[in-house]
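Reading through the structure tokens given below for one structure.
What follows draws every value from the coordinates through simple rules; no lab data is involved. Everything numeric here is computed off the predicted structure, so don't read it as measured data. Cβ: placed from backbone, ideal geometry, glycine included. Neighbour counts: every protein chain shown.
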Amino acid sequence: MNAIRQRDPRDMSQFKTLRKYTVEQRLQLVQNYTKFVFARHPYHRLDAVYYDRLRYDPKIPDNFQKVIGTDIIRRYRPAKYTQPESLRLGHDVRFSELVQFLTDQTNADRLSNVHFAPVSHLCHPCLMNYTFIGKVENLPEDASMILKEAANVTLPFRFPRPDKPSKTAERLSMDMRLLSDDQRAALYREYQQDFELFDYDKDDWKRL
């Protein structure tokens, strides 16, 4: 735990994945180890990615804006409304343009990025018999339960709570209202399996 805490938590090279084990070892791990996955409301997750990666943070390691942002603007923004700076930096993608990108059936790679892919596609809950399926919305309680079960002891600490409330729900309500009914329906279809598997309400943004 100390080694992980001292490194960048986004650096996945510090973790040993299943592919680094033999087939026999993988079967033993899958059958005998505690397995858990966390889901998040698909729209809340998408809105957070939009603001964290495409709008507010130009210094992210994977250069999200210049790679994906410029591609979205080039594909979906009319040339007469596109500034050269937007094509160069990809820093001002509109939420509606992101939705166009994610629902464009001619773009086979639209959900290939890990930030956009449905959790059901990434973690395969119908194939893997998870010990525990948690929700980001209940993170302190769910994480504490997992830590207690994995360690088989009552831990002397609780999972830390965020210092301030998330702005995602409020932003999401505004962003969803700017979409057309057809855009909202198309977006739901892309993430329908996540909504159904993890019991999320696709219309909760209307009540905010």
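Before moving on, here are some points about what is shown:
- For G134, the residues 5 or more places off, or on other chains, whose built amide H falls under 5 Å of its own are V37, F38, A39.
- Contour minus Cα-Cα distance for K167 and Q105 (0.36 nm per residue): 19.3 nm
- Over the range 33-201, Cα pairs under 8 Å with separation of 6+ residues give a relative contact order of 32 percent.
- Relative exposure of K80, K148, K66, K202, judged by other C-beta atoms within 10 Å (fewest first): K80, K148, K66, K202
- By average C-beta atoms within 10 angstrom, highest first, the peptides 126-132, 14-20: 126-132, 14-20
- Likely footprinting exposure, I73, I68, fewest C-beta neighbours within 10 Å first: I68, I73
- Cα-projected label distance for V136 with L29, points at 7 Å along beta-carbon direction, nm: 2.5
- Cβ-placed point charges (K, R +1; D, E -1), dipole of the range 50-126 about Cα centre in debye, nearest 20: 220
- For the range 33-201: lysine pairs under 22 Å (alpha-carbon distance), excluding those fewer than 8 apart on one chain: 7
- Extension gain, S13 back to D204 (0.36 nm per residue minus Cα-Cα distance, nm): 65.1 nm
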